[in-house]
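> Take a look at this one; I'll ask things after.
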Amino acid sequence: MNKIALVTGATGGIGSAIIEELSREGYFVAGFYNKNSIQASQIHRQTGADMVAADITDASAVEQAVNATIKKYGRIDVLVNNAGIAQQKLFSDLSAEEISLMLDINLKGAMLVTKAVIPSMVSNKYGRIINISSVWGVFGGSCEAHYSASKAGLIGFSKALSRELGLSNITVNCIAPGMIDTHMNDGIADKDCFLSQTSLQKIGRPADVACLVGFLASDNAGYITGQVIGVDGGI
């Protein structure tokens, strides 16, 4: 029986790679995205994934989109909270609105989607929840205090939730990518400096993250939960 996966941030570099990986593995995939309908249509044509426009910071919109997915497929087996934004700016220069937006999308959005999905997983006594954090959520990044805080929050959320859901046979894990070749990292000025501090001294591919998602989503990862796994070239 094909398993059902839900991936947020579906039109980004990592999100689209995750959808491609899970689709190859035989999952039926629903991808939530915000605005990029052109990219969403392309991903649908390439993978067959259902692409759903949904503002993950809006609780009612999330509930509606998740319920529609469950109505269509009967359940959700795997949730990948991948949606996120980044910004480089001195903390003292940040506006309250910029801080709120970062936390709303990167942390609150993941929590809202997870909250909407959990009843289906608990009912079926099975689930895989995979949250995409960042190395900056582990180490902290200069000029990315609000981004680092949002990604560190995902780590704490994952660890705590894994304890709540373990008895329902639901695992919750976190992936912390390093420098990955996506549009989100195009504007980083000190990219070479960062890469020089890694063991492999090269940029990662979205597929490197997607392959780990594929493993954590599988039955082979059934005894792994509450973990933070780096895909960072060795920092």
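> Let me spell it out: the conditions are (1) in contact with a strand residue (DSSP E or B) (Cβ under 8 Å, 6 or more places away or on another chain); (2) modelled with pLDDT under 95; (3) more than 25 Å from Ser218 (Cβ to Cβ), and Ala40 meets all of them except one. Which number is the exception?
Here Ala40 meets the rest and fails (2).
> Here is a further query. For region 138-145, does any single residue satisfy the condition of being of a type in the set (Ser, Thr, Tyr), farther than 24 Å from Ala17 by Cα and in a loop (DSSP other than H, G, I, E, B)?
Restricting attention to region 138-145, the residues satisfying the condition of being of a type in the set (Ser, Thr, Tyr) are 142.
Narrowing further to those that are farther than 24 Å from Ala17 by Cα: 142.
Going one step further and asking which of them are in a loop (DSSP other than H, G, I, E, B), we end up with 142.
The answer is yes; a qualifying residue exists.
> Name the residues in region 145-160 that are in contact (Cβ under 8 Å) with a residue 24 or more places away in the chain and buried (at least 21 other Cβ atoms within 10 Å of the Cβ), would you? Walk me through how you get there before you give the answer.
The first filter runs over region 145-160 and keeps only residues in contact (Cβ under 8 Å) with a residue 24 or more places away in the chain, leaving 145-147, 149-151, 153-155, 157-159.
Result: Tyr147, Ser150, Lys151, Leu154, Ser158.
> Quick one: Glu164 ticks every box in (1) more than 18 Å from Asp232 (Cα to Cα); (2) in a helix (DSSP H, G or I); (3) of a type outside the set (Gly, Ala, Ser); (4) in contact (Cβ under 8 Å) with a residue 24 or more places away in the chain except a single one, so which number is it?
Of the numbered conditions (1) more than 18 Å from Asp232 (Cα to Cα); (2) in a helix (DSSP H, G or I); (3) of a type outside the set (Gly, Ala, Ser); (4) in contact (Cβ under 8 Å) with a residue 24 or more places away in the chain, the odd one out for Glu164 is (4).
> Mind checking which residues of region 167-195 are of a type outside the set (A, V, I, L, M, F, W, C) and in a helix (DSSP H, G or I)? Full working, then the answer.
At the first step, the residues of region 167-195 found to be of a type outside the set (A, V, I, L, M, F, W, C) are 168-169, 171, 173, 177-178, 181-183, 185-187, 190-192.
Those that are of a type outside the set (A, V, I, L, M, F, W, C) and in a helix (DSSP H, G or I): Ser168, His183, Asn185, Lys191, Asp192.
> Give the number of residues within region 201-227 that are under 13 Å from the mean Cα position of the chain (by Cα) and within 17 Å of Ser133 (Cβ to Cβ).
Our first condition is that a residue be under 13 Å from the mean Cα position of the chain (by Cα); within region 201-227, this holds for 206, 209-210, 212-214, 216-217.
So of that shortlist, the ones also within 17 Å of Ser133 (Cβ to Cβ) come out as 206, 209-210, 212-213, 216-217.
Qualifying residue count for the region: 7.
> May I ask you to verify whether Thr198 is part of a loop (DSSP other than H, G, I, E, B) and touching an Asp or Glu at 6+ places or on another chain (Cβ under 8 Å)?
yes
The values are calculated or read from the model by the stated rules, or taken from the named source; none is laboratory data. Since the model is a prediction, treat every value here as computed from it, not as a measurement. Cβ atoms come from the backbone with ideal geometry, glycine included; neighbour counts cover every protein chain shown.
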